[in-house]
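**Student:** Got a structure for you, questions after.
The values are calculated or read from the model by the stated rules, or taken from the named source; none is laboratory data. Because the structure is a prediction, the values reported are computed rather than measured. A quick note on method: Cβ atoms are made from the backbone with ideal geometry, for glycine too, and the neighbour counts reach across all protein chains shown. Accessible surface is based on the protein model in full, side chains and every heavy atom, while ligands, DNA and RNA are left aside. Shrake-Rupley method; radii C 1.70, N 1.55, O 1.52, S 1.80 Å.
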Amino acid sequence: MASQQDLQELIRLMTTGMRVPMKDALGRVKALQTKNLRSIEQIAESPLADVTSAINDAKAARSLHNACKARLKNPSGSTTAKRTGSTLENPSKRLRQSLDTGFIHGPEPVPPQEFEASFTLPVETDENIIANTTLLTNRAPLVLAFAVELLRFTMSAQPPSSRLSLGQAVVSANSRSKAVSIGIEKGPSADDQGWGHGQPRVKVMGREVTVLKRGGYEWKRDGEEEQHRSEDVVKAESVPSSATETGVSQDVSETPGEAPRSWSASQPVTLKQSTFIVRATKITAPSQRQSAIQSLFATIPSLQDASHNAWAYRVRVPTNLFNATTIKEESFDDGESGSGDFLLKNMRETNAVDTLVVMTRWYGGIMLGPDRWRIMRDCLKDALAERLRVTGEQATVGDEAVWGLDLEAMKNKTGTAGSASSRSYEAGVVGMPIHRPEAAKAYLLKSFATRIDNPSDATGEADVPQGSTTKSTPKRKTAKALELEKEENVARLLGALRLLYGSWVGHLTAAELDRRAWGWYVAVRPEVESGPSGWGAKGHLKLANILALRRKES
């Protein structure tokens, strides 16, 4: 019988050696298991016809069969496509890979507390020092700084390494979108092509990024983190929901003897004699959908007289592989063309899982055009927000630590099937490239190396032209002094952002704070030339402008 290690090796061969997306690889492994083909050895020794009958793809079966045979001939070789004789690695490369995968000088893993402590970033909160600071930088690292500090408030349960990884994922996605818009790159992104399909998603600065759960990773905050945690967590209840429970019972029994089901409802919206309302409840399996809707109709018979009762659900289901899960989703229009897909799209955007929503419309005889989509979206968000307020349940990745997935690295076909330094091998994670926190931290520190200490005029812009990469002072500094200046610059920037977010945290929900963060970034980002000529160009960043965005106390 094949062991768990055999299954891991098989998936690693598919994902890193054959460049098969993880979702497809998991599906093929399950299909192969039905034919009792559970390891590389069993596949290599079985007839090609058996492999083909299992995965129903002759070309893919032949490739897998050949790859397994090649692996048996060279079991000590890499799972990636390397030429014969290229498996030797120098000691420095082996050490670098061991550091990147969470090990130092040997097989002993780094304790989570020590690992997270290595990603502590300096913070300066003296307003006078911050206000008199002007940095020379480009825009991308500023996005990273905004995102990392934002996550400290909106996703405070995430460890520092996860915040850096998620922040770098935002930078990567934003940079590629910008590159496409100015003509530097072409074609759909890896996300658009579905490389992240089936993985959880979170929203950071208004941009969705695909994430990878870290499999039960636990860390304990240091004294300062634990002391200020209650201040950092955004309390959604500080902004009351506008939804009201009109015409719906919170407790709807499905069957006698079964615990009642809780439904939340949006505020009804009427436009041109058409009325919309959305209801949401929790389900944990696709099979619960039908009984949940039937019980709702039995409790509120008037719903059956409505013109449309469209529904959609997203449920987390197990894959029977290493305790992994995937998202199953389904929708139904009930005559309201496109409404089911529209509900699913918006549920993905809010990362709603284990959730069933029912959108009811009483048609008033007048076509609404695009207004119907706006009303549906508002009602859906209202229902989900009301569910959170009433039940305390929210369908998200929760407090579980995550990595930001590097979908472009997953997509790009290279000789080594993706950089080893960007790959994670944690607890059941096999060959899925992530944005490494080490690289994100190093990027932050090197990107704010230049500080304009003595501007000649009030604006501080006479010394260095906009868009220039020339440093503001000709004096040579020692390497130690340069490193110290980099840390001071980053500390002042992060301190300014912490003061900004902290001034709003008690007055905005996490979602609203996230939405506003991008606008604040746009308001203070360095001015550079538009188009390709401004790509990567540097400009002045006045930290006083960030402080000016703080909430004014009444």
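**Student:** Take the residues in region 290-325 that are open to solvent by 40 Å² or more (accessible area, probe 1.4 Å) and part of a strand (DSSP E or B); name whichever of them is nearest to Leu212 (Cα to Cα).
**Tutor:** Out of the qualifying residues, it is Thr325.
**Student:** With the structure loaded, tell me whether Val528 is in a helix (DSSP H, G or I) and β-branched (Val, Ile, Thr) or whether it fails that test.
**Tutor:** Details: in a helix (DSSP H, G or I): no; β-branched (Val, Ile, Thr): yes.
Against the criterion (in a helix (DSSP H, G or I) and β-branched (Val, Ile, Thr)), Val528 does not qualify.
**Student:** Checking Pro256 against (1) at pLDDT 90 or above; (2) out of contact with any Cys (no Cβ under 8 Å at 6 or more places or on another chain), which test does it fail?
**Tutor:** Among (1) at pLDDT 90 or above; (2) out of contact with any Cys (no Cβ under 8 Å at 6 or more places or on another chain), Pro256 violates only (1).
**Student:** While we're here: Among the numbered criteria (1) touching a Lys or Arg at 6+ places or on another chain (Cβ under 8 Å); (2) closer than 21 Å to Pro433 by Cα, which one does Leu136 miss?
**Tutor:** Condition not satisfied by Leu136: (2).
**Student:** Report, ordered by the first and then the second residue, all pairs with beta carbons closer than 6 Å, sequence separation of six or more or different chains, a first member in region 174-193 that is closer than 20 Å to Trp518 by Cβ, and a second member that is not in a loop (DSSP other than H, G, I, E, B) and not small (Gly, Ala, Ser).
**Tutor:** Asn174/Val143; Ile182/Pro532; Ser189/Arg176; Asp191/Leu407
**Student:** Could you tell me whether any residue of region 451-465 is among the polar types (S, T, N, Q), modelled with pLDDT of 75 or more and either in a helix (DSSP H, G or I) or more than 14 Å from Leu212 (Cβ to Cβ) (or both)?
**Tutor:** Step one: filter region 451-465 for residues among the polar types (S, T, N, Q), giving 454, 456, 459.
In the following step, the residues that additionally are modelled with pLDDT of 75 or more were identified as none.
No, the conditions are met nowhere in region 451-465.
**Student:** For Asp406, indicate whether it is open to solvent by less than 40 Å² (accessible area, probe 1.4 Å), at pLDDT 75 or above, closer than 22 Å to Asp191 by Cβ and not hydrophobic (A, V, I, L, M, F, W, C).
**Tutor:** Working: open to solvent by less than 40 Å² (accessible area, probe 1.4 Å): yes; at pLDDT 75 or above: yes; closer than 22 Å to Asp191 by Cβ: yes; not hydrophobic (A, V, I, L, M, F, W, C): yes.
The answer is yes for Asp406.
**Student:** Here is a list: Asp378, Asp334, Asp382. Which entry is surrounded by fewer than 22 Cβ atoms within 10 Å (Cβ to Cβ), assigned to a helix (DSSP H, G or I) and modelled with pLDDT of 80 or more? Break it down into steps so the answer makes sense when it comes.
**Tutor:** Values: Asp334 fails: assigned to a helix (DSSP H, G or I); Asp382 fails: surrounded by fewer than 22 Cβ atoms within 10 Å (Cβ to Cβ).
Going through Asp378, Asp334, Asp382 in turn, the sole match is Asp378.
**Student:** Okay, moving on. Go through Lys345, Lys328 for me and flag whichever is in a strand (DSSP E or B), surrounded by fewer than 16 Cβ atoms within 10 Å (Cβ to Cβ) and among the charged types (D, E, K, R).
**Tutor:** Lys328
**Student:** Tally up the residues in region 493-523 that are assigned to a helix (DSSP H, G or I) and either more than 23 Å from Lys178 (Cβ to Cβ) or without any contact (Cβ under 8 Å) to a residue 40 or more places away in the chain (or both), please. Steps first, answer last, please.
**Tutor:** Going residue by residue through region 493-523, those that are assigned to a helix (DSSP H, G or I) are 493-504, 510-523.
In the following step, the residues that additionally are either more than 23 Å from Lys178 (Cβ to Cβ) or without any contact (Cβ under 8 Å) to a residue 40 or more places away in the chain (or both) were identified as 494-496, 498-504, 510-513, 516, 519, 522-523.
Within region 493-523, residues that are assigned to a helix (DSSP H, G or I) and either more than 23 Å from Lys178 (Cβ to Cβ) or without any contact (Cβ under 8 Å) to a residue 40 or more places away in the chain (or both) number 18.
**Student:** Read through the list (1) without any contact (Cβ under 8 Å) to a residue 24 or more places away in the chain; (2) surrounded by 16 or more Cβ atoms within 10 Å (Cβ to Cβ), then give the number of the only condition that Leu543 fails.
**Tutor:** Looking at each condition in turn, Leu543 falls short on (1).
**Student:** So which residues in region 173-194 are assigned to a loop (DSSP other than H, G, I, E, B), within 28 Å of Arg214 (Cβ to Cβ), of a type outside the set (Asp, Glu) and open to solvent by 50 Å² or more (accessible area, probe 1.4 Å)?
**Tutor:** Of the residues in region 173-194, the ones assigned to a loop (DSSP other than H, G, I, E, B) are 182-194.
Okay, now just the ones that are also within 28 Å of Arg214 (Cβ to Cβ), so 189-194.
Filter once more, keeping what is of a type outside the set (Asp, Glu): 189-190, 193-194.
Scanning region 173-194 gives a single hit, Gln193.
**Student:** A further question follows. Look at Phe146 and say whether it is modelled with pLDDT of 95 or more, part of a helix (DSSP H, G or I) and not aliphatic (A, V, I, L, M).
**Tutor:** Yes, satisfied.
**Student:** Taking the condition more than 26 Å from the chain's Cα centre (by Cα), closer than 19 Å to Phe342 by Cβ and among the basic types (Lys, Arg), does Arg314 pass?
**Tutor:** On the way: more than 26 Å from the chain's Cα centre (by Cα): no; closer than 19 Å to Phe342 by Cβ: yes; among the basic types (Lys, Arg): yes.
It is false that Arg314 is more than 26 Å from the chain's Cα centre (by Cα), closer than 19 Å to Phe342 by Cβ and among the basic types (Lys, Arg).
**Student:** Would you please name the residue that is modelled with the highest pLDDT, looking only at residues in region 60-82 that are open to solvent by 20 Å² or more (accessible area, probe 1.4 Å) and hydrophobic (A, V, I, L, M, F, W, C)?
**Tutor:** Among them, the one singled out is Ala67.
**Student:** Moving on. Taking only region 209-223 into account, find how many residues are open to solvent by 40 Å² or more (accessible area, probe 1.4 Å) and part of a strand (DSSP E or B).
**Tutor:** Keep residues of region 209-223 that are open to solvent by 40 Å² or more (accessible area, probe 1.4 Å), which gives 213, 215-220, 222-223.
Then keep just the ones that are part of a strand (DSSP E or B); that gives 213.
So the count comes out to 1.
**Student:** Being open to solvent by 30 Å² or more (accessible area, probe 1.4 Å), outside any loop (DSSP other than H, G, I, E, B) and aliphatic (A, V, I, L, M) is the filter here; which residues of region 115-140 pass it?
**Tutor:** Ala117, Ile129, Ala131, listed by residue number.
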